[in-house]
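The values are calculated or read from the model by the stated rules, or taken from the named source; none is laboratory data. Please read all numbers here as calculations on a predicted model, not as lab measurements. We place every Cβ from the backbone using ideal geometry, glycine too, and count neighbours over all the protein chains shown. Just the protein is used for accessible areas: all its heavy atoms, side chains included, with ligands, DNA and RNA removed. Shrake-Rupley method; radii C 1.70, N 1.55, O 1.52, S 1.80 Å.
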Amino acid sequence: MKKIILLFVACSSLLSCTAQKKDFSADALNENILSFEGSTSNLQAILNKHVGKAIVIEIWASWCGDCVKAMPKLKELQAKNPNVAYVFISMDKTVGKWKEGILKHELKGDHYMALDGMKGSFGKSIDLDWIPRYIIIDKTGKVEVYRAIETEFDKIQNTLIKLYNK
């Protein structure tokens, strides 16, 4: 009996670690981030801007090798899903490197930068532990996928197909 209880506890804790959140915290929605134009914005304003469209948010940085390696797959995703809004939030340390990365990699979409990097308040508010990180929002502004990484483009594509067939 003791072994069954231990097995149940172990399985429960494993499942809770992989569960996807379905909404953002108030901190995540209200944390200031920098727009490409130089003004401050927040996640709530970004979501409001795109209501009625599915949104793919990519958290990335120009210095991130995995981010750069995933860009061809992201561009393929964009080509297959042109009706989706693409939002990039950079974890770069300087505005210059961030903007240089956007131009170098020809990233198409809306661009923002966290003001204090991966370990800062915005990163903490979205439970950021890895980049690139993808978040998918449905047409009503609800979180469909809270955490996907660069090896999960099939999951991202299938989620977008599902969202547009609802």
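Observations on the model:
- Subset of LYS99/LYS119; LYS22/LYS93; LYS22/LYS97; LYS97/LYS119 violating a 27 Å alpha-carbon distance limit: LYS22/LYS93; LYS22/LYS97
- From helices alone, the chain scores -13000 deg cm²/dmol at 222 nm; the rule is -39500 (n - 2.57) for each run of n ≥ 4 DSSP H residues, then divide by the residue total.
- Taking every protein chain into account, the accessible area of the chain amounts to 56 square angstrom per residue (probe 1.4 Å).
- Partners for LYS124 among aspartates and glutamates (Cα-Cα distance below 18 Å; same-chain residues under 8 apart left out): ASP23, ASP27, GLU31, GLU58, ASP92, ASP116
- Normalised by 2.2 N^0.38 Å, where N is the number of residues, the C-alpha radius of gyration of the chain stands at 1.10.
- Within the assembled protein chains, the solvent-accessible surface assigned to THR140 is about 100 Å², based on a 1.4 Å probe.
- Per-residue HN-Hα couplings for the stretch 45-53 [Karplus 6.51, -1.76, 1.60; θ = phi - 60°; Hz; x = Gly/Pro]: 5, 5, 4, 4, 4, 10, 4, x, 10
- Label point of GLN20 set 7 angstrom out along Cα-Cβ; within the stretch 123-155, amide nitrogens under 16 Å from it belong to 133-155.
- For the pair LYS99 and ALA79 in one chain, pulling the backbone fully straight at 0.36 nm per residue adds 5.0 nm over the alpha carbon distance.
- Under the criterion of Cα pairs below 8 Å and six or more residues apart, the relative contact order for the stretch 25-131 equals 34 percent.
- Whole-percent carbon and sulfur share, accessible surface of the chain, 1.4 Å: 59 percent
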